[in-house]
1. With Cβ to Cβ distances under 10 Å as the rule, what net charge do the other residues near F31 carry (K, R +1; D, E -1)?
2. Restricting to DSSP H runs of at least four residues, report the calculated mean residue ellipticity at 222 nm for the chain, -39500 (n - 2.57) per run over all residues, nearest 500 deg cm²/dmol.
3. Ranking request for peptides 72-81, 40-49: highest mean number of other beta-carbon atoms within 10 Å first, then the rest in descending order.
4. Could you pull out every whole DSSP H run in the chain that spans at least 15 Å of Cα extent along its own axis and averages 0.5 or higher on the Kyte-Doolittle scale?
5. Expressed as cubic angstrom per residue, what is the convex hull volume of the alpha carbon set of the chain?
6. Place +1 on the Cβ of every Lys and Arg and -1 on the Cβ of every Asp and Glu in the chain, take the dipole about the Cα centre, and give the residue among A84, P28, N68 whose Cα lies farthest towards its positive end.
7. Could you line up Y32, Y67 from fewest to most neighbouring Cβ atoms inside 10 Å?
Amino acid sequence: MENLYINHLAVFVCAILNLALGALWYSPILFYKGWLAETKLTEEQLAKQNPAKTYGLAFLFSLIISYNLAFFLGDSATDAVWGATAGFLAGFGWSTLIFAIIALFEQKSWKYIFINGGFITVYFTLIGFILGIWR
C-alpha cells in the first residue's frame, strides 16, 4: 500500500458530480416523469422534504462512495480506461445489481430498476474515469 495515491480534490469533485448528474438524470429533460410515476411520489410529497438534510446526506454519502472507489483505484498504474472500467464494474456489477435484487423483492417495476440502475452505473463509470484520469 505504499504506492497508494488519492487525489482528494478529484474525490470532492466526484461527490459533487453525484448531485449534478442526479439533477440532470432526474430532471424533466430525462427521467423525472418516469421516476415520479414509478416511485408513486407526488410533487407535494417531494416539496415537503428537508432539502438541507437530503442534499447534505446525499453529498456526504457521495463523498464516502468516491473515497471508497478512490482507494480501489489508488494504484499508480491506474489510468482513465481502468478507472472507467472499474467504475462500471462496481456500478453495474455490484451496486446496480444489488439494487435490482432489492427492487425485485419490493415488487418494483423494471422501469424503476432501469432508471435508478442506469443512474448508478453511469455515475460510478464517470467517477471511475475521473479518478483514473485525474492522477
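1. Around F31, the surrounding residues sum to +1.
2. -22500 deg cm²/dmol, from helical runs alone.
3. For the peptides 72-81, 40-49, the packing ranking is 72-81, 40-49.
4. Sorted by number, the helices that extend far enough and score high enough are 8-25, 51-72, 110-133.
5. Per residue, the Cα convex hull of the chain comes to 111 Å³.
6. Of the candidates, P28 comes out farthest on the positive side.
7. Ranking Y32, Y67 by Cβ neighbours within 10 Å, fewest first, gives Y32, Y67.
Values in this text are rule-based calculations from the coordinates and carry no lab data. Quick caveat: nothing in here was measured; it's all calculated off a predicted structure. Note that we place each Cβ from the backbone using ideal geometry, even for glycine, and neighbour counts take in every protein chain shown.
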